[in-house]
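K.L.:
Got a structure for you, questions after.
The values are calculated or read from the model by the stated rules, or taken from the named source; none is laboratory data. Source: prediction; values computed, not measured. When we count neighbours, we look across all protein chains shown, and the Cβ atoms used for this are built from the backbone with ideal geometry, even at glycine. Side chains included, ligands, DNA and RNA excluded: accessible areas come from the protein's heavy atoms. Shrake-Rupley method; radii C 1.70, N 1.55, O 1.52, S 1.80 Å.
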Amino acid sequence: MSKNLYIKTYGCQMNVYDSDRITDLLKPLNYQLTNDPAQADLSILNTCHIREKAEQKVYSDLGRLREHQTNRRQQGDEMLIAVGGCVAQAEGDEILRQAPYVSMVFGPQTYHRLPEMIAQITRQQDAYKGKGAGRGIVDTDFPIESKFDSLPIPQSSSTSAFLSIQEGCDKFCTFCVVPYTRGAEYSRPVEDILQEAKRLVELGAKEITLLGQNVNAYHGQALRTSSHSSAQEWGLGRLLHELATIEGLQRLRYTTSHPRDMDQDLIDAHGQIPQLMPFLHLPVQSGSDALLKAMNRKHTAKDYLHVVDSLRKARPDIAFSSDFIVGFPGETAQDHQATLDLVKEVGFAQAYSFKYSVRPGTPAGSMDLQVKESLKTERLYELQDLLKERQWTFNKTKVGTVQPVLFDRIGKVPGQILGKTPYMQSVPLEAPKRLLGCITDILIQEAYANSITGIISSLEPIAVAA
C-alpha cells in the first residue's frame, strides 16, 4: 500500500536538492509526496542552521506535527516524525530530549540511510506495541563512504533542476556553522555528475544549477583514457565545459561561490560557454577589510573587485548578486560605509542582506564589541534601501530589450505562468501553459523592484518542451 510523505524544506538550495533525493530514496518503500502533513505517514523537517532562531522554528513546527501525529493515532494510524539537515546535525540527541515523539534525527551526510532507520523504527514499534515507545534514532555521523554512492538515480526532474557536485567547506569563516554541520569539502567524481546531469535532461530539465557550499572549490576526479594514470583532477571550469556538451541542456548556473576560488579557468568559462548564464552569486559579506579579516574571509574588498572586473572582461554582460552581513562584531560606522561604497561600485542586480546573529559554537559568537540590535536594524535598513534601488535600476535597463525567458511554473493568478531571464529576474506573464518548459523571447515593457514583464515577441518558443 502507498504511504504519504510530507517534507518541509528550510533554507538553501542544497536542502532542496537533498529533499528531492530523499523523495527518490523513499519511492521504493511506496512513499508518495503530500502537501498535507495531517495525512502523512512520515513527516520530515529538512532543516537549515544558518538563519537566526533556526532551532526555535524547528521546535515550533515539531509541535504542530505532534498534533497531527496524535490525531492520526486516535484514528488508528501512525505518523513517523523525522528531523534532518543542519539543525539535526547540530542538535542531535537534544531534539529527542525536547521532542521524544520524534522517531529519527539524521544529519545531511546520513539521509541515504533513511530506509534502514525506518525499518529499525518499525521493528521498535512492533516490539513496544502496548508497552510505550522505544527511543528514536540519532544518526549524525560523518560516514567514510559518500552518501552519493548510495542514492538512486533521479526519478523525476523539473524544468530547472539542481545538481549537487560539492559539499562541505574548509574556509571556517568565523560566523558560519557549515564546516561543523556539513563537514569538510568533498567533490563528487566527474562521471557521476555527468551521468546525473544527462539523466535530469532526459527527464525534462532545460536548466541545471550546480550546487555546493563552496561550489567553485570543486576538484573532482575524472577517469583518464590514457594508460599512464588512472584519474585526473578537474576544476569547475573544466566540468562546465563538459556539461555544456550535453544535448538538450540549454542553461547552466552554479552557486554558492567564494571569491578566493574564482580561478582563471572558471573566469574564462564565463566568456566561452554560451549555456553558462551571465549571472553569478558571489558573496562578499562586507566591504570593510577589517571586518573581512575578522570574518576570516581571506580576501579584501580590492581582491573582490578584481574578481568582478576580471569576470566583466570575460563576459561584459554579466551581472552579480551577493550576500551581506550587517552588524558583525566590531563593525564601525566607517566599516558600514565601506560596504555601502562597495555596493555602489559593483551595482549588484540582486542581493541578500541580514543582521549578524550568533551561531552557537562559532568564533564570532564570543567576540567582543557585539553591535547593539537597534544599530544593526538601522544599518540593515540603510543597506537594503540601497540594494533595492540598485536592483530596480538594473531591472529598468532591460525595458525595451528582448529577453529569453524560461517558463517553469504556474503563477498564483489564474492564467499566469512564471519564468526567469538569464539574470534570474522573475517574469510573470498571462500566457498559455504550453510555454511551460520552454524558452521564449519576451519584449520587456515594464520593470518593478522584484520582477519584469512584457509580451511575447515571437510566435513560437525558442525551445519546445519534449
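K.L.:
Among the residues of the range 1-54, count how many are acidic (Asp, Glu), open to solvent by less than 40 Å² (accessible area, probe 1.4 Å) and within 25 Å of Phe354 (Cα to Cα).
P.N.:
1
K.L.:
Please tell me if Pro422 is modelled with pLDDT under 95, assigned to a loop (DSSP other than H, G, I, E, B) and of a type outside the set (D, E, K, R).
P.N.:
Numbers: modelled with pLDDT under 95: no; assigned to a loop (DSSP other than H, G, I, E, B): yes; of a type outside the set (D, E, K, R): yes.
In short, no.
K.L.:
Conditions: (1) in a helix (DSSP H, G or I); (2) touching a residue at least 24 places away in the same chain (Cβ under 8 Å); (3) open to solvent by less than 40 Å² (accessible area, probe 1.4 Å). Thr377 meets all but one. Number of the miss?
P.N.:
Looking at each condition in turn, Thr377 falls short on (2).
K.L.:
Considering only the range 248-262, state which residues are closer than 27 Å to Thr300 by Cα, out of contact with any Lys or Arg (no Cβ under 7 Å at 6 or more places or on another chain) and either of a type outside the set (Ser, Thr, Tyr) or not in a loop (DSSP other than H, G, I, E, B) (or both).
P.N.:
Residues of the range 248-262 closer than 27 Å to Thr300 by Cα: 253-262.
Adding the requirement that they be out of contact with any Lys or Arg (no Cβ under 7 Å at 6 or more places or on another chain) leaves 253-257, 259, 261-262.
Of everything in the range 248-262, those that are closer than 27 Å to Thr300 by Cα, out of contact with any Lys or Arg (no Cβ under 7 Å at 6 or more places or on another chain) and either of a type outside the set (Ser, Thr, Tyr) or not in a loop (DSSP other than H, G, I, E, B) (or both) turn out to be Arg253, Tyr254, Thr255, Pro259, Asp261, Met262.
K.L.:
While we're here: Only one of these conditions is not met by Thr245: (1) open to solvent by 10 Å² or more (accessible area, probe 1.4 Å); (2) under 16 Å from Ala338 (Cα atoms); (3) part of a loop (DSSP other than H, G, I, E, B). Which number is it?
P.N.:
(2)
K.L.:
Within the range 406-417, which residues are open to solvent by 30 Å² or more (accessible area, probe 1.4 Å) and in a strand (DSSP E or B)? Step through it out loud before you land on a result.
P.N.:
Filtering the range 406-417 for residues open to solvent by 30 Å² or more (accessible area, probe 1.4 Å) gives 408-410, 412-416.
Answer for the range 406-417, where residues must be open to solvent by 30 Å² or more (accessible area, probe 1.4 Å) and in a strand (DSSP E or B): Asp408, Arg409, Ile410, Gln416.
K.L.:
For residues that are under 25 Å from Asp141 (Cβ atoms), assigned to a loop (DSSP other than H, G, I, E, B) and either in contact (Cβ under 8 Å) with a residue 40 or more places away in the chain or in contact with a Leu (Cβ under 9 Å, 6 or more places away or on another chain) (or both), tally how many sit in the range 185-210.
P.N.:
First, the residues of the range 185-210 that are under 25 Å from Asp141 (Cβ atoms): 185-189, 192-193, 196.
Subset that is assigned to a loop (DSSP other than H, G, I, E, B): 185, 188-189.
From what is left, the residues that are either in contact (Cβ under 8 Å) with a residue 40 or more places away in the chain or in contact with a Leu (Cβ under 9 Å, 6 or more places away or on another chain) (or both) are 188-189.
Of the residues in that region, 2 qualify.
K.L.:
Please state which of the following conditions Arg224 fails to meet, knowing it meets all the rest: (1) among the basic types (Lys, Arg); (2) open to solvent by less than 60 Å² (accessible area, probe 1.4 Å); (3) at pLDDT below 95; (4) touching a Ser or Thr at 6+ places or on another chain (Cβ under 9 Å).
P.N.:
(2)
K.L.:
Quick check on Ala119: is it assigned to a helix (DSSP H, G or I) and of a type outside the set (Val, Ile, Thr)? Walk me through it before giving the result.
P.N.:
Values: assigned to a helix (DSSP H, G or I): yes; of a type outside the set (Val, Ile, Thr): yes.
Considered against the rule, which asks whether it is assigned to a helix (DSSP H, G or I) and of a type outside the set (Val, Ile, Thr), Ala119 comes out as yes.
K.L.:
Another question about this same structure. Suppose we filter Gln445, Gln370 for residues that are over 20 Å from Phe279 (Cβ atoms), in a loop (DSSP other than H, G, I, E, B) and open to solvent by 20 Å² or more (accessible area, probe 1.4 Å); which single one remains?
P.N.:
Gln370
K.L.:
Which residue, of Gln403, Gln391, is without any contact (Cβ under 8 Å) to a residue 60 or more places away in the chain, of a type outside the set (D, E, K, R) and not in a strand (DSSP E or B)?
P.N.:
Working: Gln403 fails: not in a strand (DSSP E or B).
From the options Gln403, Gln391, the qualifying one is Gln391.
K.L.:
Here is a follow-up. Can you spot a residue in the range 206-216 that is farther than 30 Å from Ile410 by Cα, surrounded by 16 or more Cβ atoms within 10 Å (Cβ to Cβ) and under 20 Å from the mean Cα position of the chain (by Cα)?
P.N.:
Within the range 206-216, one or more residues are farther than 30 Å from Ile410 by Cα, surrounded by 16 or more Cβ atoms within 10 Å (Cβ to Cβ) and under 20 Å from the mean Cα position of the chain (by Cα).
K.L.:
Inside the range 55-75, can you point out the residues that are open to solvent by 20 Å² or more (accessible area, probe 1.4 Å) and among the polar types (S, T, N, Q)?
P.N.:
Hits for the range 55-75 are Gln56, Ser60, Thr70, Asn71, Gln74, Gln75.
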